[in-house]
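Following: one structure in structure tokens, then a few remarks.
The values are calculated or read from the model by the stated rules, or taken from the named source; none is laboratory data. Note that the structure is predicted; figures quoted are calculated from it, not measured. Reconstructed Cβ throughout: ideal geometry from the backbone, glycine too, with neighbour counts over all protein chains shown. Surface accessibility is based on the protein's heavy atoms, side chains included, excluding ligands, DNA and RNA. Shrake-Rupley method; radii C 1.70, N 1.55, O 1.52, S 1.80 Å.
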Amino acid sequence: MNVSVVLFTSDLRLHDHPPLHAALDGAREVVPLFVRDRAVDAAGFAVPNRLAFLADCLRDLDAGLRERGGRLVVRSGELVREVCRAAAEAGADEVHMSADVSAYAKRREERLRRALEAEGVRLHVHDAVTTAVTPGVLTPSGSDHFAVFTPYYRHWSQKRLRDALGAPRTVRVPDGVGSEEPPSYKGISAGLAPGGETEGRRRLTAWLRHGIAAYEDRHDDLAGDATSRLSPHLHFGTVSAVEVVHRARAAGGPGAGAFVRQVAWRDFHRQLLAARPDASTADYRTRHDRWRTERTAREDIEAWREGRTGYPVVDAAMRQLRHEGWMHNRGRLLTASFLVKTLYVDWRIGARHFLQLLVDGDVANNQLNWQWVAGTGTDTRPNRVLNPVIQAKRYDPHGTYVRRWVPELARIEGAAVHEPWKLPELERATLDYPDPLIELAEGLARFRRARERD
Ligand code: FAD
């Protein structure tokens with residue numbers, strides 16, 4: 001066997017890349033290929049923040065391959081056609097790629113398999129590249145997937161992971177396979193994190209050295225920024241979930257245990273989406289909600305998106321999202337709860353807004369976390385409602401996070417910043433900050449009435 005194509009998708013790295021390893025083992029030359037898939041653009045999934053991160057990843061991957069004597073081949077267009085063309089140009093007889101979970105990714109894989117087979121080329125799809133544990137490998141008795149995290153996690157923790165692979169030393173790419181320049185894009189969030197495997201590995205090493213030990217105690221501290229921020233790197237695969245888990249476990253300590261548990265949530269959502277692809281848009285467990293929509297709650301939705309609901313911690317988190325293309329997990333929980341439960345707006349509207357901006361925006365994690373918060377997903381307490389004031393006082397006790405993101409409130413000291421409506425009338429009048437959009441008790445009553453109908 002002489003030439004293989006390696007199709008990079010959500011695995012934009014050279015370390016711990018089983019498809020690349022397998023291709024290099026079996027072939028003299030390899031075509032490392034990335035296709036900017038037009039269908040992903042058409043579906044509205046290619047948004048500026050993720051495109052900017054992707055562009056960093058592709059440039060870094062190209063640089064890494066060049067250091068090893070190769071280069072990245074970049075194409076744009078219809079993915080199946082571009083892979084077939086690249087395979088034909090290179091005279092390849094095999095294509096290697098990673099398995100993925102979304103309904104679109106699975107359909108695409110099948111179409112690719114058939115088109116390649118028609119040309120006499122074999123497609124090899126590798127598991128446990130974009131997840132630590134392959135979706136579908138762990139199942140409870142009587143079902144094809146776990147619907148509750150705790151038992152899933154018990155099984156997940158006992159599963160032996162494959163060893164992480166090193167990066168190849170040399171990659172020989174055949175001549176005569178044309179490439180576009182790696183693209184360059186600008187995100188819309190000024191504080192967007194840089195992408196790429198070099199940056200992902202640097203962040204992982206720094207996290208294991210300086211951050212992980214305090215994770216269990218500090219991960220919910222909104223102002224402390226004490227989480228790994230590895231989510232976009234896991235989403236684009238610039239770090240490998242398998243390697244992250246191995247290295248975190250080797251670091252040891254309670255922080256490592258709590259952190260690895262969060263990485264398992266990522267696999268949990270992937271195994272669920274793989275089994276129930278429609279859960280990206282349809283309620284996983286309907287509660288017969290008659291949600292408010294863009295038509296019936298337009299102004300509320302707009303205020304939520306813009307971070308001017310009058311609830312400072314909600315507004316702070318929504319502004320962090322816009323500024324960084326990322327939001328703290330606690331912020332995601334309480335802004336989502338505010339939209340779906342206090343304002344009683346359809347979770348799909350919130351999920352869509354997050355996907356417009358999040359650099360780690362991910363169908364499995366985003367849609368299923370939104371469903372979790374909406375109580376239509378896997379939360380075993382589907383009717384719980386997070387009170388943004390109580391949450392703010394617990395997770396931002398000094399008001400530091402709110403003052404960082406809501407400058408209109410910067411001169412209010414301490415936890416008083418969480419309830420500006422309680423300030424003396426005169427002082428309040430000087431603030432350029434809205435009154436609460438809704439009384440929390442009113443939102444709660446509406447939500448309870450709605451769920452009682454269920
Ligand atoms: P850390 O706390 O350092 O966790 C390490 C890794 O574990 C994360 O990078 C992530 O891959 C995984 N992880 C952590 N929490 C969760 C979780 N609740 N569910 C699944 N995986 C998790 N995460 C995304 O990657 N993409 C999304 O689009 C996304 N949308 C979300 C929407 C809502 C409404 C909510 C409540 C959560 C969402 N999350 C999403 C999960 C979580 O908020 C982020 O993964 C986390 O905040 C990323 O920051 P970090 O890398 O510092 O996380």
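Some points to look at:
- One residue alone among D278, D289, D283, D267 is closer than 30 Å to A450 by Cβ and either in the same structural domain as W370 (by TED's automatic domain parsing) or assigned to a helix (DSSP H, G or I) (or both), and that residue is D278.
- Count - residues of the range 229-256 that are more than 12 Å from the ligand (Cβ to nearest atom) and over 20 Å from the mean Cα position of the chain (by Cα): 8
- Count of residues meeting criterion [open to solvent by 10 Å² or more (accessible area, probe 1.4 Å), farther than 21 Å from A450 by Cβ and within 8 Å of the ligand (Cβ to nearest atom)] in the range 305-355: 4
Matching residues to (1) among the hydrophobic types (A, V, I, L, M, F, W, C); (2) modelled with pLDDT of 95 or more; (3) under 20 Å from T9 (Cα atoms):
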position	(1), (2), (3)
A226	yes, yes, no
R229	no, yes, no
E243	no, yes, yes
R249	no, yes, no
G253	no, no, no
G257	no, yes, no
R261	no, yes, no
W265	yes, yes, no
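- Residue within the range 113-122 that is at pLDDT below 95 and touching a strand residue (DSSP E or B) at 6+ places or on another chain (Cβ under 9 Å) present: no
- Of the helices (runs of 4 or more DSSP H) lying entirely inside the range 3-75, those containing at least 3 residues that are of a type in the set (A, V, I, L, M) and modelled with pLDDT of 95 or more span 18-26, 48-67.
- Close contacts from the range 149-172, counting a first residue that is in contact (Cβ under 8 Å) with a residue 24 or more places away in the chain and a second that is open to solvent by less than 80 Å² (accessible area, probe 1.4 Å) and among the aromatic types (F, W, Y), with Cβ to Cβ under 8 Å and a gap of 6+ residues or different chains, come to F149/W265; F149/F268; Y152/F146; Y152/F268; Y153/F268; W156/F268.
- Any hit, the range 411-421, residues being over 28 Å from G195 (Cβ atoms), open to solvent by 30 Å² or more (accessible area, probe 1.4 Å) and within 16 Å of the ligand (Cβ to nearest atom): no
- Qualifying residue in the range 266-279 (condition: touching a Lys or Arg at 6+ places or on another chain (Cβ under 8 Å) and free of Cβ contacts under 8 Å to residues at least 40 places away in the same chain): no
- Of all residues in the range 205-217, at least one satisfies being away from the ligand (no atom under 13 Å from the Cβ), under 24 Å from V129 (Cα atoms) and either open to solvent by 40 Å² or more (accessible area, probe 1.4 Å) or not assigned by TED's automatic domain parsing to the domain that holds A63 (or both).
- Test: residue in the range 276-299 that is within 12 Å of the ligand (Cβ to nearest atom) and either over 21 Å from the mean Cα position of the chain (by Cα) or surrounded by 18 or more Cβ atoms within 10 Å (Cβ to Cβ) (or both): yes
- A count restricted to the range 235-264 and to residues that are surrounded by fewer than 18 Cβ atoms within 10 Å (Cβ to Cβ) and closer than 17 Å to G361 by Cα stands at 1.
- Any helices (runs of 4 or more DSSP H) falling wholly within the range 348-441 and containing at least 3 residues that are more than 26 Å from the chain's Cα centre (by Cα): 388-395, 425-429
- L138 at pLDDT 95 or above, in the same structural domain as D37 (by TED's automatic domain parsing) and in contact with a helix residue (DSSP H, G or I) (Cβ under 9 Å, 6 or more places away or on another chain): no
- Qualifying residue in the range 391-404 (condition: under 23 Å from R451 (Cα atoms), in contact (Cβ under 8 Å) with a residue 60 or more places away in the chain and open to solvent by 40 Å² or more (accessible area, probe 1.4 Å)): no
- Number of the exception - L79 against (1) in contact with a Pro (Cβ under 6 Å, 6 or more places away or on another chain); (2) open to solvent by less than 10 Å² (accessible area, probe 1.4 Å): (1)
- Residue list for the range 375-384, filter: within 11 Å of the ligand (Cβ to nearest atom) and either without any contact (Cβ under 8 Å) to a residue 60 or more places away in the chain or open to solvent by 10 Å² or more (accessible area, probe 1.4 Å) (or both): T378, D379
- Of all residues in the range 1-24, those that are open to solvent by 10 Å² or more (accessible area, probe 1.4 Å) and under 24 Å from the mean Cα position of the chain (by Cα) total 4.
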